[in-house]
Amino acid sequence: MFGLFTANKKLPERSLDEIKQICKVLFIDDKNFPLIEILKTAGWVNTRRIKDVDSLDQSEVRESHIMFVDIQGVGKRLKFHDEGLGLIVALKTKYPSKKIIAYSAEDQGQVQAFSDGINMADSRMSKNADPYQFQFLVEKFAKEAFSLNECIERIKQLLIKEIGRSVESDAILKKLTKIATSKNFSVDEVGKVFNLQNAANVSSVIQLFLTGGG
Amino acid sequence: MKIKYYHIIYEGKIIASNLPESHLNELQSCDTSIKKCVCEIEGSHKRHGARKYTSGLVYLVSYDKNITNKILEHYFDACIFFIPYIIKNKEDIRDGEERNFKRLRHNLISHNANILQYIYNLVPQDSLVLNGKRQTEVIKEIVIKKPDETSRTVLRVLKSANFMKSEFDVFDMINMENPYLEFHKHSAHKITLLNLTPFWLDLIEKGIIIEIGPCHEHVIVDYKSISVALCHLFDNATKYILPNTSFSIYFRSSPKEIDINLEMTSIKITDADIGNIFKENYSGEIATKIGKSGSGLGMNIVKKLIELNHGEISIRRDIDTRQRTKSIVPFERNLFQVKLSK
C-alpha cells in the first residue's frame, strides 16, 4: 500500500516523470480516439479506455485518478437517463477526490442545459481540443494529487476553509511527514495531527498523495 | 389569474396557445364579441371572445369575476399590439442564427475541401481507387519519391484542420450569452508558439524572418478562446505581411501583465481603419483594394475574445517611418499588442 515510496524522514518531491508512472488516467468513451495513444507516448503510461461502466466499483474506475467521461454514449449500462452526465454525478458523488473531466463533441450551449452533471465535473473539454490542452489538464490534476508542493498547497487551502487561517508550508510539511512515518492517515489521526474538527477532506488528500489510492 | 386560456393564430399558424382540446369547440362557436356565459366544461362563469386582426385571430378566456368586457378589450388590444414585435424578434433571432450557421458551414466546407485537395494533389485519387489492396504501398512510394511535398502536405492539412477547430470553438462562443471559460496559468511563450505553428510554413515560404523573444512567465487565460484570437492575428499576419521582411514576436512584462507584441511590415493601416478596425464586418481599406479581405473572423471578434480573457488589444501603426514602402500597395511597420493578466 505504501509501495509508492518508503517512509523516509523527508518526503521526496516527485518529478513529472515519476508522477506519470503513478498516475492512472481512464477514458470512458464508446469511441476510440488516438488521443489515448498520444498520452501514452507522452509518458502517461497508465492511460486506458473502457467503453462504458458496468459498476462504480469496477477496478478500472476504483484505481483511476483522473477520468475523462464522454457525455454521450456512455452511462447506458448503469441506465443513467442522461447518459454520461448522470455517470459523472454518480462518480463524483462516490469518489469526490478523483478528478473527472466531462469531454464531448457536444455543442456547449446544449450542454449548459443539463446543468447538474456538467457542474459537478472538475473540468470540461471539447473532443476537438489540442493534445496540449489534454496534456495540460492531466498534468495539472496529476500534480495536484502527487506533487509534494501541490499537496501542501491543497492542504493549506483546505485548512483556510476549515480553521479560517493560513498555516505555514513548513508546518504542514512537518505534520505530513509525521503522518507518513506513522503510516496512519485515517480521519481521526489527521484530525489529531492537524487539530481539526472535520479532517475528512485533508485525510483524503493525504491518502491520495501517499498511496495513490482513495 | 386574469386570463386563463389564450389561443393566438398568426398567418394561419397557432403561435401561442394553452387552450385544452376540450375547449376548441368553444372557440369555433365564439364570434368576435365578448360573451359572458356559464362555461359548460368548467362549471363556472366566464367571459370569452375571439378577435380577428390583420394577420389572424386572438381568443381569450377569463374566469375572473372582477374582469369586465372593457378590461378584456384592453387585453385584446395589448395582445394584438405586441404580436408583430414578438414575431419580428423571433425572426431576428432565427436570422442571426442562420447567418452564423451559414458562415460556419461555408468555412468548414472550404477548409475541408482544402484538406481533401492537399492530399489528393499528393496522392491522386485514382491511384487509391485502382490499387485498393496496395494503398499503403502507394503512399509509401509517394513519400519516398516526394518527401518535401509530403511534408508540406502534412503541414497544410494540419493548418486547415486547426482552422476547422477554431470555427467550432468560435461558433459555440458567439452563440452563447455566457460562454464556458476555464482559466488556467499557461506559459505565455508556449501558447503563442502553439498558435503560430500552423502558419510557420506559409511565413517561411514568403521569406519571412521570424524572430521570437524569450519569456518565462505565465498568463491566466482560457486557452480555447485566446487561441482563436491569436490564430486569427497570425492568419492576418500571414495574409498581409510583406515578403522577405522580419516578423518580430517579443514579450514585455509588467507587475500584473504580459504584453505579447507582434511587430511586422504589413499593409498600411489607414486613418479610417484605425477608427473602425474593431467594428463588426469592417474590412481594412488596403485589404479590400487588393482583394484579400473578408475571409476571416473579423478583428471585432478577436477583440471580444481577448476581452473575455480580461485582456486588451491595441494597434500601433507606422512605428518606423523608414520602413514605409514606395510600392503601389503601401506597406508599413505595424505593431499589434495583446495584453494579458499574469
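Each reported figure results from applying straightforward, stated rules to the coordinates on display, with no laboratory input. The model shown is predicted, which means the values in this text are computed figures rather than measured ones. In this analysis, Cβ positions are derived from the backbone assuming ideal geometry, glycine residues included, and neighbour counts consider all displayed protein chains.
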Unsatisfied cross-links (Cα-Cα over 29 Å) in the set A:Lys127/B:Lys90; A:Lys40/A:Lys127; A:Lys31/B:Lys165: A:Lys127/B:Lys90
Kirkwood estimate for the protein assembly as shown, i.e. one over the average of 1/r between Cα atoms, Å: 29.0 Å
For B:190-200, mean number of other protein chain Cβ atoms within 10 Å: 1
Span from the the stretch B:66-110 Cα centroid across to the the stretch A:135-160 one, whole angstrom: 50 Å
10 Å binning of all Cα-Cα separations within chain A, expressed as whole percents from 0 upward: 8, 33, 32, 20, 6, 0
Candidates B:Gly49, B:Gly96, B:Gly207: whichever shows maximal mean-square fluctuation once chain B is modelled as a Gaussian network with Cα springs under 10 Å: B:Gly49
Cβ-based exposure ranking for B:Cys39, B:Cys215, in which fewest neighbours within 10 Å come first: B:Cys39, B:Cys215
Evaluated at q = 0.14, 0.20, 0.22 Å⁻¹: base-10 log I(q)/I(0), Debye formula over Cα of the stretch B:282-339: -0.51, -0.91, -1.00
With eigenvalues of the C-alpha gyration tensor scaled by 5 and rooted, the stretch A:148-211, Å: 16, 13, 10
Residue exposure sequence - A:Asp30, B:Asp92 - by fewest surrounding Cβ within 10 Å: B:Asp92, A:Asp30
Contact order relative to length of chain A, as percent, for alpha carbon pairs under 8 angstrom and 6 or more apart: 20 percent
For chain B, average projected area of the Cα convex hull in nm²: 29.3 nm²
Cα-Cα separations in the stretch B:181-342 greater than 24 Å, expressed as whole percent: 31 percent
Mean separation of Cα contacts under 8 Å, 6 or more apart, over the residue count of the stretch B:217-342: relative contact order %: 33 percent
Selection of GluC sites (Glu not before Pro), the stretch B:180-237, meeting DSSP coil and at most 16 other Cβ within 10 Å: B:Glu182, B:Glu217
Per-peptide average of other Cβ atoms within 10 Å, ordering A:134-142, B:221-229, A:41-49 highest first: B:221-229, A:134-142, A:41-49
Base-10 log of normalised Debye intensity for the stretch B:5-93 (one unit scatterer per alpha-carbon) at q = 0.16, 0.21, 0.25, 0.26 Å⁻¹: -0.63, -1.03, -1.36, -1.45
Nearest-ten-degree value, helix B:135-145 long axis tilted from longest Cα axis of chain B: 40 degrees
In degrees, nearest ten, helix B:299-308 long axis to first principal axis of chain B (Cα): 80 degrees
Neighbourhood net charge (15 Å Cβ-Cβ; Lys/Arg +1, Asp/Glu -1) for B:Phe163: +2
Net charge contributed by nearby residues that have their C-beta within less than 10 Å of B:Ser246 (K/R +1, D/E -1): -1
Length released on extending from A:Asn119 to A:Asp82, taking residue separation times 0.36 nm less the Cα-Cα span: 11.9 nm
Spherically averaged projected area of the stretch B:242-309 from its Cα convex hull (nm²): 5.9 nm²
Around B:Ala237: net Lys/Arg minus Asp/Glu count, Cβ-Cβ under 11 Å: -1
